[in-house]
Amino acid sequence: MIALKALIKPTMKITKAFIAQLIVALLLSITFIGLGNWQLNRAHDVREVNKYLPDAAKIGLEKIATAGTNLEPDAINRIVSATGKYVQLYIAPKQELLGSTKKSKANLEVRLLELKGNRGILVVRGLENLEDQELPGTVKISGRLYPRQTSDATKALKGELSRIDPALIVGKSQLELFDGYIIATSEATNIGQEILTTRIPAPQLKSKVAGNYWQHISYVFIWWLMALMVLLAPFYNSMKDRNSGGNVRV
């Protein structure tokens, strides 16, 4: 009887230890699987962000935006058209060119386009022109609509904009301004004659997601492999103890 009790007692202790290890392993395994799933979702986000989306048909600015109100998310990135006359010239210095892989910067020519109904919108025509280009009369423009910039590119001097934001000129104009701005891809006179200048790229804006697709996928396999190893650890220890002569009950 004494010998039987001596055998059962250490066996129960080892069994409880195994169960405790298994519970900890399960919790860690669930955590690692969750981290792997999170990386999988990030990989999906990267793929979606980098996916090419064809542009919708060109639409009139006034059909998707309203002066004096915030720009709707659906209006951002749309190719728009507008007709009016330029009434004010500004320079936006040290602007980072969109779509540039080298993060190139340049001084941009920005003009205020007056539309009918006493409304206006900022238009980025292209690179700064050392000689002011006379643009009298009505101008028809096409370009991509962007949200206003929220951070200054540099300190602005007289006649300059520290960022392309209609809020900076509200007190200098009697026009009711549209939110955001247009990067012009083409301009023409009222009779259809093309207006030439040094244009800049007008790519679609995309959300920024850290990392790249295959980097996130590699992390998925690492986390899931760690989950499997942690889950198998208690069984490995059990087999190791059994082979060494210990009494383990699974």
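Laboratory data are not the source of any read-out in this text; all were calculated from the coordinates shown. As the structure is a prediction and not an experimental result, all values here were calculated from the model. Glycine gets a Cβ as well: all are built from the backbone with ideal geometry, and neighbour counts include every protein chain shown.
All other residues with a Cβ under 12 Å from the Cβ of residue 77 taken together, and with Lys, Arg as +1 and Asp, Glu as -1, what is their net charge? Could you put the intermediate results ahead of the total?
Working: positive: 78, 144, 206; negative: 55, 72, 74.
Residues near residue 77 contribute 0 overall.
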* Computed FRET efficiency, Cβ-Cβ of residue 133 and residue 167, R0 25 Å: what is it to the nearest 0.05? -> 0.45
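Between residue 59 and residue 142, what length comes free when the chain is fully extended (0.36 nm per residue of separation minus the Cα-Cα distance, one decimal in nm)?
Numbers: separation 83, 0.36 × 83 = 29.88 nm, distance 0.93 nm.
Between residue 59 and residue 142, full extension yields an extra 28.9 nm.
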* **Among 184, 153, 202, residue whose mean-square fluctuation peaks in a GNM of the chain (springs only between Cα atoms under 10 Å)** => 153
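In square nanometres, what is the average projected area of the Cα convex hull of the chain?
Details: hull surface 86.2 nm².
Seen from a random direction, the Cα hull of the chain projects 21.5 nm² on average.
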* Excluding residue 135 itself, what net charge comes from residues whose Cβ is under 11 Å from its Cβ, given Lys and Arg +1 and Asp and Glu -1? -> -1
* Looking at the stretch 85-148, which trypsin sites (Lys or Arg not before Pro) are in a loop (DSSP not H, G, I, E or B) and have at most 15 other Cβ atoms within 10 Å? -> 102, 103, 116
* To do: Only Cα pairs under 8 Å and at least 6 apart count here; give the relative contact order of the chain as a rounded whole percent.
  => 27 percent
* Asked: If you line up the Cα atoms of the stretch 40-111 on their principal axes, what length do they span on each, largest first, in Å?
  -> 51, 32, 22
* To do: Could you calculate, for the stretch 59-189, the ratio of the Cα radius of gyration to the Kirkwood radius, expressed as Rg to Rh?
  => 0.93
* Grab the beta carbon distance between residue 104 and residue 44, set R0 = 35 Å, and tell me the FRET efficiency rounded to 0.05. => 0.65
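Out of the stretch 154-185, which trypsin sites (Lys or Arg not before Pro) are coil in DSSP terms and have no more than 11 other C-beta atoms within 10 Å?
Values: sites: 155, 158, 163, 172; in loops: 155, 158, 163.
In loop regions of the stretch 154-185 (DSSP not H, G, I, E or B), the sparsely surrounded trypsin sites (Lys or Arg not before Pro) are 155, 158.
Near residue 160, within a Cβ-to-Cβ distance under 12 Å, what is the net charge of the other residues, with Lys and Arg +1 and Asp and Glu -1? Don't skip to the answer; put the middle values down first.
Details: positive: 94, 155, 158, 163; negative: 109, 128, 152.
Combined, the nearby Lys, Arg, Asp and Glu give +1.
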* Asked: Which is farthest toward the positive dipole end of the stretch 59-189 among 100, 149, 79, measuring Cα position about the Cα centre, with Cβ charges +1 (Lys, Arg) and -1 (Asp, Glu)?
  -> 100
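How much length, in nm to one decimal, is gained on full extension between residue 28 and residue 176, taken as 0.36 nm per residue of separation minus their Cα-Cα distance? Can you show the working numbers first?
On the way: separation 148, 0.36 × 148 = 53.28 nm, distance 5.85 nm.
Taking 0.36 nm per residue and subtracting the Cα distance, the gain is 47.4 nm.
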* For the chain, what is the mean residue ellipticity at 222 nm derived from helices alone (per DSSP H run of n ≥ 4: -39500 (n - 2.57); sum divided by total residues; nearest 500 deg cm²/dmol)? -> -12000 deg cm²/dmol
